[in-house]
Amino acid sequence: MKIIFVFLLVFFIYGLNGEFNPSNGHYYYKTPLTKKGSEAQTICQNTPYSTFSKGYLAKINTESEFNWITSTFGGELWVNGIDSIVYNANQKYGEIYYDNTSNPFNLFYSVKSDKCYTYCPWHSTEPNYLSGEYYTSLKYDSVQYKYYYFNTPDFILLNVLCEYSALPEVSRMDDTGTVQISGLSTAMLSDTNLKVTFKKGSSNYTCTKTTIANNNYNCKPAIPGTGTYTIVITSLGITTTVLDWIAPPPVIHSIKVPTISYIDKSLTNGMILTITGSTFGTDASKIQIRFSVFGSNSCFDIKFLSDIVNYGQQITCTLSWINETSRRGLLPIKITVDGVATIGQRTPIYWNDKFYTGFPYIGQFNFALNHNMFYVDNKYYGVPAVFTNVEKKSLFATFFPPAGGKLYTDWSVWQPVYFTSIGFFYFVYGHPQSQQKAFLTYTGSPSYDNYNINYLIQLYTGALSYTSPGTYPTNGVVYEYGNGKTLLNVIRVPPAQPSSGLNSTFRVSDVGHAYTPVSVTIETQPSIPTTLNIVRNFASNYIYVVFPPLPAGTYRTSLTIESSSYIFQLNYLIPKISSVVAANSTFLNSIPTSGIMTITGENFYTRADLLNVKIGDVNCTNVFLLEPHTKILCTISGSLVTPTVVVSIFSQNVTRPSVALSISFDPPVIQFVNIVDPVAKKITINGRNFGEVVNDLKVTIGPDTLVCVITNPHYQLQCDVPYRKGNHSLQVSVKNRLSNFYRIQYTGKVDSVWVDSNHVLQVSGLGLGIDGGGLMIYLGTDTLTCVGNDTLLACTLPPLSTSNYLSILGFVETPPLIPIKIIPEILDYAPKVVDTEGGNITISGRFFGNLSYGLPSYLSVYSEFSPINYQYSNNTFIAYVPPGIGKNKVLSVECDNQLSSVTFSYKPPNITKIYQEDKKIAVIGDSFGTLQSELFLIVNSKKIYELNLNNPSNISFVYPLENLNGSLALMVGSQKTEEKDLPPIILSATPGKRNQSSFITVKGLNFPKSMNVTIGGKPCDISSVPTSVELVCIFYGNDTPDGPLKVQIQSGLIASYNTIFNYTTI
């Protein structure tokens, strides 16, 4: 009740009577007083309502909101919609905004393009801008029984419709797909962590933030594009829902009407119309089309045609009129896509090669002549149409919307002509065809009583009459756009094409419009034209053409606009070589004598069978296209002479060669040389680029020219060699192209191979060459680096070698495989000191994991030459050392019967505490070991062997107490602890009296200067300065059991005791 009271109180204060719209959650209030158009916005901003401190002039964004308002409020009302000229006098009128022009999202209708960004139910005569009509009102048409928008002059006094909302305002979507959300603070939201979701049915679409500026949040929703959405906005735990937001409504560009030639039969059932525009969606079943102001949907069988790139979508539909009344007029056209509607009052009609549109009420003649703010395709400006035939008059009489709110009242249309005294009609000054003769054909009888005046025509009857240019009432005008059929004027044709084709362009003076037939064909074969895909740029008059891949040649190409064609020969370019790269060659544009080469370039087309590659006069075989148009593979063959490469393509019965690319031939390369027959002194030379003609070869060793044969063309030679000693240089020449020098050893021999203590491989023999020159020495698959001379080489072993078999290749006599032994090397190990209970030692090094010609080596680990357990991986052992004692213990790794050893020690014993336990002495510490036989004590240089090893950290022994003075040490094997002072030793205590104080004398050894004495757990206070062997203390013996009691001396952490105290019997 309290809430209701406050609500009623507020209404009482302000006297307002508002209405709530459940479809969008907004409130609306109609002012009782009338105001001018320029005052309407201020009135709403200064009029509070309910809990709202201010409102705004009502913005009608959807058809459902319009229908609710018109059924809820009566009369004529100011609503939001102000022409931009109100804010900027220098700006041409025709852009209508909500509130102001500072925010581009406020634009909701453009007269220039008849484009509505939200919902724009204009009357058929509006907007016409008579008498400065720059404001928008909502009025009722009593003839059509409907409400419409009217543009209205400022001085008219009307009631004002104000709108109030606590919800954020979500703008219409702009051309980039962005929406703007404002009023967040009003809804107690923040742009911090704002999440915006567009919902349609069960589908959710996220709105991705783009910018935040001036308290406005801009984002792009990923919606599919059509229909009505609910928007959920969440910020800082607060969620707000915005209802009834529409996606961009359909945009209607024009309606194409078939050419007609029968009077009054321009609109017939079954006629197929073509409609161009955008935002039609993709589902024809969600589209409804209605023509004229009465009746229901009137165009059916809707189908999508191909989109026109850079222009928009195309749909067709078939007219189906219910009766002649509903047949009246194609305009206005209403297209609804997925529930979102657009009404086109001045949608251009395309008929007989021109666009037409009309304004039923335009004003006086001069205004009609200059009122050309509406244009088509940003380039066709309207001029008043002249009625040259009955069919044209009939077209206008049936296509355009009703005039003056009356369905059957004819238009009175200004004609841009005057009649001269010599009896001819001429176009008036200011018309594009001024002073030219106009031939008019109408029904009815025109009056020619006056000259130099302007004429009207009644559209329905065709009656022509004259009137003065300034005569009122206002009349309409029909504008026509374009110059009829588009004339073909080619400014520039596409350039020569690569074999891959290009998206090339024609430049023409006019590419036409959506309905202009334009095509481009090319004859890929004589007299067989192929139609190509094109895209037109209607602003720059470019025609983009996708030319197909074709081999080099000239092809007949035709551009056709309307019925005119321009024919020219389009040239496709010949092959062009950029570079040549050959396998096994390290040089660019240089090739070996054999193998495969890759040719990179252009215009090779897509068919290898049309290509021919020549190296000089030698054909390259096995031609293959590695990449269409740009890369060729082929096999080099034959004896190469001329260092040029040419690629030719065969097309249109003509061979079309490229420009020759100059190349070079790779020199021969010697890779290695083997002795085949040391007795006959024959060698085999292995390498590449030796060619296949022996007469092109010259092989020399020092001063000698060898006799050779080609055993493997291009790759292998066998030559006879003379007797020589020592190292000599070998070189091969192929057509004066010289190879590298290769040093060879005529005789050589390996005598022995071993690995020294430094893990260096030693090779001894004869003729080994300086640093092993001419030899290739391998340990398994590892290549060794060696230094030395002809008789001894020292080679570095790799740490992770996988073989212990050596092979030596070159001019040496050696077995194919030489087994060697490599001593394993321990590089590091830790820890070096191990607990006496045993533990793990990690050993790292190299040469642990050798393989004997593929078989695993024998690996072992020893401690003191006894095998122990271990784990091995990647040259690392984890060895378990058993319990023990002592120093310098031997730890060994054995591999292939080769042993490597290090030493470690067990942790030395350590005494931490000694104390007396009656007749027994306890020794506490660590690392005492596990063998009692390895232990003995030294007390004052005397050895005590009778010990009890309780555990590795606890020893006890019995020894005459009177002899336990001085120090004590423990021997564990060969390791001795530090000397430790013996603890206090209690030998005797005098008896005391029960239940009274007694002086007790305690005798013993090693008494400290400071100590605490207890008897039976109770203190015995020292009465005099003690000595090392005697102390006297006062003891009160009550509440203690009968003896003997424990006498304990505590000094620091050491507590010795002896159970020897008794009470006297007297």
Worksheet item: Given ILE955, TYR1057, ILE1022, which one lies farthest toward the positive end of the charge dipole of region 927-1066, if we put +1 on the Cβ of every Lys and Arg and -1 on the Cβ of every Asp and Glu?
Response: ILE1022
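What is the sum of charges, Lys and Arg at +1 and Asp and Glu at -1, for the other residues whose Cβ falls under 11 Å from the Cβ of ASP835? Each step should come with its number before you reach the end.
Working: positive: LYS907; negative: GLU837, ASP926.
My count for the surroundings of ASP835 gives -1.
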Worksheet item: aspartates and glutamates near LYS682 by alpha-carbon distance under 15 Å, same-chain residues fewer than 8 away left out - which ones?
Response: ASP704, ASP720, GLU813
Response to the item:
A correct fewest-to-most ranking of PHE547, PHE1035 by other Cβ atoms within 10 Å would be PHE547, PHE1035
Worksheet, complete the sentence: Lone Cys, the chain, Cβ cut-off 4.7 Å -> CYS895
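In this model, which of LYS199/LYS379; LYS393/LYS437; LYS919/LYS1009 are farther than 30 Å apart at the alpha-carbon? Each step should come with its number before you reach the end.
Numbers: LYS199/LYS379 40 Å; LYS393/LYS437 19 Å; LYS919/LYS1009 23 Å.
Going by Cα-Cα distance, LYS199/LYS379 fall outside the 30 Å limit.
Arrange the peptides 877-883, 336-342, 904-910 so that the one whose residues have, on average, the most other Cβ atoms within 10 Å appears first.
Numbers: 877-883: 17.3, 336-342: 21.1, 904-910: 19.6.
The packing order, highest mean first, is 336-342, 904-910, 877-883.
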Practice prompt. For helix 390-399, report the angle its Cα long axis makes with the longest principal axis of the Cα atoms of the chain; keep it between 0 and 90° and round to the nearest 10°.
Written response: 50
Worksheet item: With labels modelled as points extended 7 Å from the Cα through the Cβ direction, what inter-label distance (nm, one decimal) is found for THR176 paired with LYS379?
Response: 2.7
Worksheet item: Rounded, prolate or oblate: which fits region 925-1054 when a ≥ b ≥ c are the square roots of the eigenvalues of the alpha-carbon gyration tensor, with rounded for a/c under 1.5 and prolate only if a/b beats b/c?
Response: prolate
Response to the item:
Descending packing, highest mean Cβ count within 10 Å first, for 752-762, 607-617 is 607-617, 752-762
Worksheet item: Against the longest alpha carbon principal axis of the chain, how many degrees, from 0 to 90 and to the nearest 10, is the axis of helix 2-14 turned?
Response: 40
Item to complete: Sort THR1040, THR796 so the one with the fewest other Cβ atoms within 10 Å of its own Cβ comes first.
Response: THR796, THR1040
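How high is the FRET efficiency from GLN932 to SER1010, r the C-beta distance, R0 45 Å, rounded to 0.05? Numbers along the way, then the final one.
Values: r = 36 Å, r/R0 = 0.80.
The formula returns an efficiency of 0.80 here.
Using only the alpha carbon atoms of the chain, find the Kirkwood hydrodynamic radius as the inverse mean reciprocal pair distance, in angstroms to one decimal. Could the numbers behind the result be given before it?
Numbers: mean 1/r = 0.0233 Å⁻¹.
In the chain this quantity evaluates to 42.9 Å.
Evaluate E = 1/(1 + (r/R0)^6) for THR239 and PHE304, where r is the Cβ-Cβ distance and R0 equals 45 Å; express this FRET efficiency to the nearest 0.05. Please list the in-between numbers first.
Details: r = 39 Å, r/R0 = 0.87.
That gives a FRET efficiency of 0.70.
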Worksheet entry | nm² value of the averaged projected area, convex hull over the Cα atoms of region 187-255 | 6.2
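I want the local charge near ARG846. Using Cβ-Cβ distances under 12 Å, sum +1 for each Lys or Arg and -1 for each Asp or Glu among the other residues.
Values: positive: none; negative: GLU825, ASP828.
It works out to a net charge of -2.
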Item to complete: Taking the Cβ of GLU962 as the centre, find all other residues whose Cβ is under 13 Å away and add up their charges (Lys, Arg: +1; Asp, Glu: -1).
Response: +2
Fill in: Residue order, fewest to most beta carbons within 10 Å, for TYR147, TYR805, TYR572
TYR805, TYR147, TYR572
Worksheet, complete the sentence: Per the 1/(1 + (r/R0)^6) rule, R0 = 22 Å and r from the Cβ atoms of ASP1042 and SER988, FRET efficiency to 0.05 is 0.75
Worksheet item: Taking Cα atoms, how many degrees apart are the long axis of helix 63-72 and the longest axis of the chain, rounded to 10 and kept between 0 and 90?
Response: 60
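Report, to one decimal in Å, the Kirkwood hydrodynamic radius for region 602-657 based on all distinct Cα pairs.
11.5 Å is the Kirkwood radius here.
Values in this text are rule-based calculations from the coordinates and carry no lab data. Remember, it's a predicted structure, so these values are computed and weren't measured experimentally. All Cβ positions, glycine included, derive from the backbone under ideal geometry; neighbour counts span all protein chains shown.
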